[in-house]
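The values are calculated or read from the model by the stated rules, or taken from the named source; none is laboratory data. Keep in mind that this is a model prediction, so the values were computed, not measured. Please note: Cβ atoms are built from the backbone with ideal geometry, for glycine as well, and neighbour counts cover all protein chains shown. Only protein heavy atoms, including side chains, enter the accessible area calculation; ligands, DNA and RNA are left aside. Shrake-Rupley method; radii C 1.70, N 1.55, O 1.52, S 1.80 Å.
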Amino acid sequence: MSCLNDAQVYARQLLPKRHGYPLWVPEPYGNSVSYRTKGVRIGDVGYVTEDGAFETLFNVRASPSDPINYRGVPEGFEQVRIPPEDIFHISNFHPPEGIVTSANMKKRAVNLELSVPEIP
């Protein structure tokens, strides 16, 4: 039996929700200043690190000279151009205070009223 780290357990629990790959470290990560300030972008090619972060290798929508491609691009690389009207943004797909849990978790609310006698 293999021993899973926290990032792997987290991903396995949330993958069935089908909301993308769950990153244990969702914050911008890596050596690229461009990536750390902008985060993951459409066209990023990379891998999920052992600690659950996304490490960008290059971006297919950016030119080879773009700072996000500081590591270089594959031989024969051709920039992919996607018209802005072909990119859909769903605002508040998950509301700011929304909760996404694995199938085993349930949210319960409890209302409680309490009265305390006055102490003279």
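Before moving on, here are some points about what is shown:
- Count of residues meeting criterion [open to solvent by less than 100 Å² (accessible area, probe 1.4 Å), aliphatic (A, V, I, L, M), part of a loop (DSSP other than H, G, I, E, B) and under 30 Å from TYR10 (Cα atoms)] in region 68-120: 4
- Region 35-47, residues that are in a strand (DSSP E or B) and either in contact (Cβ under 8 Å) with a residue 40 or more places away in the chain or hydroxyl-bearing (Ser, Thr, Tyr) (or both): TYR47
- Evaluated against (1) open to solvent by less than 60 Å² (accessible area, probe 1.4 Å); (2) part of a loop (DSSP other than H, G, I, E, B); (3) among the polar types (S, T, N, Q), THR56 falls short on exactly one condition, (2).
- Flag if PRO64 is touching a residue at least 12 places away in the same chain (Cβ under 8 Å) and farther than 30 Å from GLN8 by Cβ: yes
- Restricting region 1-13 to residues that are in a loop (DSSP other than H, G, I, E, B) and modelled with pLDDT of 80 or more, the residue that is farthest from ARG71 (Cα to Cα) is CYS3.
- Single residue of region 16-34 satisfying the filter (in contact with an Asp or Glu (Cβ under 8 Å, 6 or more places away or on another chain) and outside any loop (DSSP other than H, G, I, E, B)) that is farthest from GLN79 (Cα to Cα): VAL25
- Region 14-47 - residue that is modelled with pLDDT under 80 and basic (Lys, Arg) and, of those, most open to solvent (accessible area, probe 1.4 Å): LYS38
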